[in-house]
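Asker: Once you've had a glance at the structure underneath, I'll fire off some questions.
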Amino acid sequence: QVRLVESGGGLVQPGGSLRLSCSASGRISKINVQAWFRQAPGEQREVVASISRGGRQIYDDSVKGRFTISRDSADNTIYLQMNSLKLEDTAVYYCYLNTILPVNDYWGQGTQVTVSS
């Protein structure tokens, strides 16, 4: 059983920073990609940033230059450093992990990020 646990969410003022963490535990087969998604009230879940097994990072245009995804390969923990936060970054942020051999998708329970003055 693979378990993903996010932490680091909270309330921050516009222009502030937060760092999210996602720890992975359990029997994890070959990782293909890890990512952060977010879902605002009334909106669909959207990908924010992803990092492939080879380390390639992809960002949504809305967060380029402000967010950075990284990974500690020793324990498959991923991070999302969020700087210059905006009101529209308010959402529940979810950690995601995709494996191959076999193919499986795993999600964390989500952590709330609220940007408000």
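Asker: Please count how many residues of the stretch 88-117 are assigned to a strand (DSSP E or B) and either within 16 Å of the chain's Cα centre (by Cα) or among the polar types (S, T, N, Q) (or both). First the steps, then the outcome.
Answerer: The first filter runs over the stretch 88-117 and keeps only residues assigned to a strand (DSSP E or B), leaving 91-100, 104-107, 111-115.
Applying the additional criterion that residues be either within 16 Å of the chain's Cα centre (by Cα) or among the polar types (S, T, N, Q) (or both) yields 91-99, 104-107, 111-114.
Counting residues in the stretch 88-117 that are assigned to a strand (DSSP E or B) and either within 16 Å of the chain's Cα centre (by Cα) or among the polar types (S, T, N, Q) (or both) gives 17.
Asker: While we're looking at this one, here's another question. Identify, from the list ALA24, ALA35, the residue that is within 14 Å of the chain's Cα centre (by Cα), at pLDDT below 95, closer than 23 Å to GLN1 by Cα and open to solvent by less than 40 Å² (accessible area, probe 1.4 Å).
Answerer: ALA24
Asker: Just checking, does the stretch 83-94 include any residue being modelled with pLDDT of 95 or more and over 24 Å from SER117 (Cβ atoms)?
Answerer: Residues of the stretch 83-94 that are modelled with pLDDT of 95 or more, as a first pass: 83-94.
From the residues that got through so far, the ones that are over 24 Å from SER117 (Cβ atoms) too are 94.
Yes, because at least one residue in the stretch 83-94 is modelled with pLDDT of 95 or more and over 24 Å from SER117 (Cβ atoms).
Asker: From the set of residues in the stretch 1-21 that are open to solvent by 30 Å² or more (accessible area, probe 1.4 Å) and assigned to a loop (DSSP other than H, G, I, E, B), which is farthest from VAL92 (Cα to Cα)?
Answerer: So, considering only residues that are open to solvent by 30 Å² or more (accessible area, probe 1.4 Å) and assigned to a loop (DSSP other than H, G, I, E, B), the one farthest from VAL92 (Cα to Cα) is GLN1.
Asker: Check whether at least one residue in the stretch 68-87 is part of a helix (DSSP H, G or I) and surrounded by fewer than 19 Cβ atoms within 10 Å (Cβ to Cβ), and report yes or no.
Answerer: Yes - at least one qualifying residue is present in the stretch 68-87.
Asker: I would also like to ask the following. Look at ASP61 and say whether it is outside any loop (DSSP other than H, G, I, E, B), open to solvent by 40 Å² or more (accessible area, probe 1.4 Å), free of Cβ contacts under 8 Å to residues at least 40 places away in the same chain and among the acidic types (Asp, Glu).
Answerer: Working: outside any loop (DSSP other than H, G, I, E, B): no; open to solvent by 40 Å² or more (accessible area, probe 1.4 Å): yes; free of Cβ contacts under 8 Å to residues at least 40 places away in the same chain: yes; among the acidic types (Asp, Glu): yes.
So ASP61 does not fit the description; no.
Asker: While we're looking at this one, here's another question. Starting from the stretch 93-117, keep only residues that are at positive phi, then list their pairs with residues that are modelled with pLDDT of 95 or more and open to solvent by less than 40 Å² (accessible area, probe 1.4 Å) whose Cβ atoms are within a distance under 7 Å, requiring at least 6 positions of separation or different chains.
Answerer: GLY110/GLU6; GLY110/VAL92; GLY110/TYR93; GLY110/TYR94
Asker: Which of the residues belonging to the stretch 103-117 are open to solvent by less than 80 Å² (accessible area, probe 1.4 Å) and at pLDDT below 95? Walk me through how you get there before you give the answer.
Answerer: In the first step, residues of the stretch 103-117 are kept if they are open to solvent by less than 80 Å² (accessible area, probe 1.4 Å); the result is 104, 106, 108, 110-111, 113-116.
Matches in the stretch 103-117: ASN104 only.
Asker: Within the stretch 22-46, how many residues are without any contact (Cβ under 8 Å) to a residue 24 or more places away in the chain and part of a strand (DSSP E or B)?
Answerer: Residues flagged as without any contact (Cβ under 8 Å) to a residue 24 or more places away in the chain and part of a strand (DSSP E or B) within the stretch 22-46 amount to 2.
The values are calculated or read from the model by the stated rules, or taken from the named source; none is laboratory data. These numbers were taken from a predicted model, which means no experiment stands behind them. Positions of Cβ are backbone-derived with ideal geometry, glycine not excepted, and every protein chain shown enters the neighbour counts. Calculation scope for accessible area: heavy atoms of the full protein, side chains included, ligands and nucleic acids excluded. Shrake-Rupley method; radii C 1.70, N 1.55, O 1.52, S 1.80 Å.
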